[in-house]
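Worksheet: one structure, shown below.
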């Protein structure tokens, strides 16, 4: 169910993103988007009691500096640099070109890429009349 919600949310977001990219600078979009997300997440975290996990960070099996470093790296790479690059791309190109490129999670490995391409013999077999 969560995967379906994610697909719907990520599928609809580019419609709004393209509109915003035409009207606002990428920095302004990221600022406003992050601010709104922070408010919603803070309200949920406080009401759901999720702040107790933040208080217990020092009790984790991983050193605190690694957790803080991971959060900083994720915030800078994903939430700042990634979003800025996405909105700069959206402001300069059609959403139909930007979204498929940015939605790809990882490049195909050589083994999966070769399996997905039809070979000459399979193309000949499939095009022959039955």
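The values are calculated or read from the model by the stated rules, or taken from the named source; none is laboratory data. This structure is a prediction, so every number in the text was calculated from the model and none was measured. In this analysis, Cβ positions are derived from the backbone assuming ideal geometry, glycine residues included, and neighbour counts consider all displayed protein chains.
Taken over region 48-62, the criterion of being within 25 Å of the chain's Cα centre (by Cα) and either surrounded by 10 or more Cβ atoms within 10 Å (Cβ to Cβ) or more than 23 Å from residue 38 (Cβ to Cβ) (or both) is satisfied by 50, 51, 53. The number of residues in region 90-109 that are under 11 Å from the mean Cα position of the chain (by Cα) and at pLDDT below 65 comes to 2.
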